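Report on the following structure.
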């Protein structure tokens, strides 16, 4: 088993439905990743277990607003596994500031492009001889 990608501890093994819930993906997405070899899994009886941390890293939503919403939910929910709290702490301390800066940079780029377009429209065309 590869090491836990979030902390230097053993992975948190959860049923597929629970891991999918915390990662913000469907259980069928998790099962498909297991079948394709993208996720390790083990079975206990008829239950497929997956390492939550690996599911979060490999399958977690890339939608920034959805990610922020899941972070807020995980911060306040009572039944949050410790590994999810570790994930939330990591995201809040490292990723969220980077995402905020990225959002601000995008906004500046959009304003700069709009100003450039406005200036290029106001400027008389250059006469070519």
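Since every read-out is calculated from the coordinates, none of them should be taken as a lab result. Just so it is clear, the model here is predicted, and its values are computed rather than measured. Cβ: placed from backbone, ideal geometry, glycine included. Neighbour counts: every protein chain shown.
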**Request:** Just subtract the alpha-carbon distance of residue 118 and residue 44 from 0.36 nm times their residue separation and send over the number in nm, one decimal.
**Result:** 20.3 nm
**Item:** Modelled label reach - residue 110, point 7 Å along Cα→Cβ, the stretch 64-88 residues with backbone N closer than 19 Å
**Value:** 64-69
**Prompt:** Say R0 is 30 Å: what FRET efficiency, to the nearest 0.05, do residue 28 and residue 68 get from their beta-carbon distance?
**Reply:** 0.80
**Prompt:** Across bins of 5 angstrom width beginning at 0, how are the C-alpha pair distances of the stretch 11-59 distributed, in whole percent?
**Reply:** 5, 27, 41, 23, 4, 0
**Asked** By how many degrees, 0 to 90 and rounded to 10, does the Cα axis of helix 64-76 deviate from the longest principal axis of the chain?
**Response** 40
**Prompt:** Between the helical axis of 96-122 and the dominant principal axis of the chain, each derived from Cα atoms, what acute angle in degrees is found, rounded to the nearest 10?
**Reply:** 20
**Message:** On C-alpha positions alone, give me the angle between the axis of helix 27-36 and the longest principal axis of the chain, in degrees, nearest 10.
**Reply:** 80
**Message:** What does the extension gain come out to for residue 10 and residue 82, with contour length at 0.36 nm per residue minus their alpha carbon separation?
**Reply:** 24.7 nm
**Request:** Quick one: pull the percentage of alpha-carbon pairs in the stretch 13-122 with a separation above 20 Å.
**Result:** 51
**Asked** Could you work out the helix-only [θ] at 222 nm for the chain, with each DSSP H run of four or more residues adding -39,500 (n - 2.57) and the total divided by the number of residues, to the nearest 500 deg cm²/dmol?
**Response** -18000 deg cm²/dmol
